[in-house]
Amino acid sequence: MSGARSLLRFDGRVAIVTGAGRGIGRDYALLLASRGAKVVVNDLGVDLTGLGKNSKPVDEVVQTIKSFGGIAVPNYDSVEDGEKVIKTAIDNFGRIDILVNNAGIIRDKSFSRISDLDWDLVHKVHLRGSFMCTRAAWPYMKQQKYGRIIMTSSTSGLYGNFGQSNYSAAKLGLVGFMNTLALEGQKYNVFCNTIVPAALSRLTQGLIPEEVGEIFKPEYIAPVVCYMCHENCTENGVVIESAGGWAAKVRLQKSGGVAMRKAENTFSIEDVQSNWDAITDMTCNPLYHTSASEATAHTVKLILEKLNDSS
Ligand code: NAD
C-alpha cells in the first residue's frame, strides 16, 4: 500500500545495552528485543551512587523479553569489565552489532565538597566504562564492517549543572570520545553517535517535577536511540538531545572571530580587550565546523587575510 512504512527491525543483529536493568536502558533493551535483536542485558545493579550489587534488575528485564518471545541473556558485570560484557555477546550469539553505552551513576556535591572518590567513581563508570566496552567491541565491529555505538551524554555536560562538576566533565568527555571514534570508524561502517536524554528515572527523581513525569517517560527516548542503532541510520558523530518524543541535533558554534595581528604591529593584551565584544559576538556570522582541519583552515585563512591587509 502506498505510504505504508515498513517496520524497522533488528533481525540477525546482536545488541548490548549497558545499565539496562532499569531506567532508560531498560526501555532500549525491550524495544530492541521486540524488533528482533538478540540482546545482552547488562547491569551491575548498584544504587544511585554506584554502591552495592544486585542481579534482580537484569533478571526482570531478561524475563520480560523472554515473556514476549524475544531473545535476551543477562550480564551482571560492571562496564569497567568491558571485555566480560562483550564476551557475553560473543559466547552466546557469536557477534556484536550494537553497543549502547548507557550505564550511569551520580555522586552530586558542590565542587568545594567533592572527594576523590566522587570524582573517580563517576568517571570510572561513565567515561572509562564506555571506553572499556567500546574497546572490547571495536575489533569485532571493524572486522565485520558493521557497528552502531551510542554514547550517553547529558545536558549537565553540554550546559553545566550545579553540584555535578564530576558528572558534567565525564559526560562531555563522552562527546569528545565519540568525535574521534566517528572519524576512525567511518570507513568500516562503524558509526558512533551520542544521545542526551531527559526522562524521569531514579537518577532524576526530585530534579524533573513529578507533574511532567507523564511526558518524560523513559520509553519515549527508546525509539530515538533505536533508530540511531539501525542500519538505515547512516548518521555518524552527532549529538542528539531527546525527551518526551522530541529530538534535536546539537552542535558547537563559534563566533565569526577576529584576526587582530597586523604584519607591522605587535599584538598586545590591549588589542584583545578592545576586540573582546567582537570576539564574543555570536550574532555576527556565527560558524560551526565539521572537522578540526576545517576549523584550523578557516582560522589560518583569517590570520593571513589580516596580515596581508595593508589598510
Ligand atoms: P538509572 O539509575 O535508572 O539506570 C542506570 C543503570 O545503570 C542502573 O540500573 C545501574 O545499576 C546501572 N549501572 C550503574 N553503574 C554500573 C556499572 N558500573 N556497570 C553496569 N551497570 C551500572 O538511570 P537512567 O536515568 O536510566 O540513566 C541512564 C543513562 O542516561 C545514564 O548514563 C545517565 O547518566 C544518562 N542520563 C539520564 C538522564 C535522565 O533524565 N534520566 C539525563 C541525562 C543523562
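Just so it is clear, none of the values below were taken in a lab; they were calculated from the coordinates. Source: prediction; values computed, not measured. Cβ: placed from backbone, ideal geometry, glycine included. Neighbour counts: every protein chain shown.
Strictly over 20 Å apart at the Cα level, which of 38/87; 187/249; 56/124; 66/124; 171/249 would you flag in this model? Those over the limit are 187/249; 56/124; 66/124. Exposed loop sites here mean trypsin sites (Lys or Arg not before Pro) with a DSSP loop assignment and at most 11 other beta-carbon atoms within 10 Å; the chain contains its longest site-free run at 54-144. Distances between every pair of Cα atoms in segment 22-121, grouped in 10 Å steps from 0 to the bin holding the largest one, split as 15, 44, 27, 11, 3, 0 percent.
From the largest down, segment 116-236 spans 45, 36, 21 angstrom on the principal axes of its Cα atoms. Place a point 7 Å from Cα of residue 145 in the direction of its Cβ. Which residues in segment 189-215 have their backbone N less than 13 Å from it? Those under the cut-off are 189-190.
For the chain, the relative contact order comes to 14 percent (Cα pairs under 8 Å, sequence separation of at least 6).
At what distance in angstrom do the alpha carbon centres of segment 37-63 and segment 75-107 lie from each other? First find each Cα centre; the distance between them is then 11 Å. Building the convex hull from the alpha-carbon atoms of segment 266-305 and averaging its projection over directions returns 3.7 nm². Rounded to whole numbers, the Karplus 3J(HN,Hα) couplings from phi for segment 186-203 are 3, 6, 9, 6, 10, 10, 10, 9, 10, 9, 10, x, 9, 7, 6, 8, 5, 5 Hz, using 6.51 cos²θ - 1.76 cosθ + 1.60 with θ = phi - 60°, and x at Gly and Pro.
Shown for the chain is the translational diffusion coefficient from the Stokes-Einstein equation, using the Kirkwood radius over Cα pairs, a temperature of 25 °C and a viscosity of 0.890 mPa s: 116 µm²/s.
Its relative contact order, with pairs defined as Cα atoms under 8 Å and 6+ residues apart, puts segment 181-311 at 22 percent.
Across the options 165, 291, 110, the greatest Cα extent toward the positive end of the charge dipole of the chain (unit charges at beta carbon of Lys, Arg, Asp, Glu) belongs to 291. Loop-located GluC sites (Glu not before Pro) in segment 226-300 (DSSP state not H, G, I, E or B) with no more than 16 neighbouring Cβ atoms inside 10 Å: 231, 235, 264. Its Kirkwood hydrodynamic radius, worked out from the mean inverse distance over all distinct Cα pairs, puts segment 190-301 at 17.8 Å. The mean sequence separation of alpha-carbon pairs under 8 Å and at least six residues apart, normalised by the residue count of segment 48-127, gives a relative contact order of 30 percent.
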